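Written out below as structure tokens is the structure these notes cover.
The values are calculated or read from the model by the stated rules, or taken from the named source; none is laboratory data. This structure is a prediction, so every number in the text was calculated from the model and none was measured. Cβ: placed from backbone, ideal geometry, glycine included. Neighbour counts: every protein chain shown. Please note that ligands, DNA and RNA were not included when accessible areas were found on the heavy atoms of the full protein model with its side chains. Shrake-Rupley method; radii C 1.70, N 1.55, O 1.52, S 1.80 Å.
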Amino acid sequence: QVQLVESGGGLVQPGGSLRLSCAASGSIFSINAMGWYRQAPGKQRELVAAITSGGNTNSADSVKGRFTISRDNAKNTVYLQMNTLKPEDTAVYYCNALIRRGVWDQFNNFWGQGTQVTVSS
């Protein structure tokens with residue numbers, strides 16, 4: 001069994017910062033890409049940022065220059081540093097990872113339970 005556990009969400013004022021963490025645990029042979037998605041009320045889930053096992057990153061235009069994704073491969077953990085937060089960043093943030101559970105297995109997509117980020121004065 002594989003679990004992704006997120007932490008670090010909360011309420012912050014506009015212009016503030018938050019750091020999200022997501023740790024993968026359980027039966028893990030290897031992890032490929034890891035990333036963060038978000039879903040605001042009434043909207044579709046969207047990619048925020050992603051990072052490969054080699055450290056290549058990709059992020060949505062709306063967060064470029066404000067959000068930074070990083071990972072610690074030894075800890076199977078991905079981080080999202082969010083700076084200069086705006087009210088439109090308010091959403092539930094979900095961690096995602098492509099994980100192979102065994103040497104002969106294919107990569108499968110796993111999701112965390114989500115963490116609420118609210119940007120409001």
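What about Ser53, is it at pLDDT below 95, closer than 22 Å to Gln1 by Cα and of a type in the set (Gly, Ala, Ser)?
yes
Identify, please: which residue in the range 1-20 is open to solvent by 30 Å² or more (accessible area, probe 1.4 Å) and among the small types (Gly, Ala, Ser) and is, among those, farthest from Thr84 (Cα to Cα)?
The qualifying residue farthest from Thr84 (Cα to Cα) is Ser7.
Quick test for you: out of Ser53, Ser27, pick the one residue that is more than 13 Å from Gln116 (Cα to Cα), open to solvent by 30 Å² or more (accessible area, probe 1.4 Å) and more than 15 Å from the chain's Cα centre (by Cα).
On inspection, the qualifying residue turns out to be Ser27.
Collect the residues in the range 65-121 that are over 14 Å from Cys22 (Cβ atoms) and either in contact with a Cys (Cβ under 7 Å, 6 or more places away or on another chain) or among the hydroxyl-bearing types (Ser, Thr, Tyr) (or both), keeping them in residue-number order.
Thr68, Thr84, Thr90, Thr118, Ser120, Ser121
Over 17 Å from Ala40 (Cβ atoms), of a type in the set (D, E, K, R) and out of contact with any Leu (no Cβ under 6 Å at 6 or more places or on another chain): which single residue out of Asp61, Asp72, Asp89 fits that description?
Of the residues listed, the single one that is over 17 Å from Ala40 (Cβ atoms), of a type in the set (D, E, K, R) and out of contact with any Leu (no Cβ under 6 Å at 6 or more places or on another chain) is Asp72.
Among strands (runs of 3 or more DSSP E) lying entirely in the range 1-96, which contain 1 or more residues that are in contact (Cβ under 8 Å) with a residue 60 or more places away in the chain and not aliphatic (A, V, I, L, M)?
Because the criterion is at least 1 residues that are in contact (Cβ under 8 Å) with a residue 60 or more places away in the chain and not aliphatic (A, V, I, L, M), the strands (runs of 3 or more DSSP E) in the range 1-96 that meet it are 2-7, 10-12, 18-26, 30-39, 77-82.
Does any residue of the range 38-49 turn out to be of a type in the set (Val, Ile, Thr) and either open to solvent by 60 Å² or more (accessible area, probe 1.4 Å) or out of contact with any helix residue (DSSP H, G or I) (no Cβ under 7 Å at 6 or more places or on another chain) (or both)?
Checking the range 38-49: not a single residue is of a type in the set (Val, Ile, Thr) and either open to solvent by 60 Å² or more (accessible area, probe 1.4 Å) or out of contact with any helix residue (DSSP H, G or I) (no Cβ under 7 Å at 6 or more places or on another chain) (or both).
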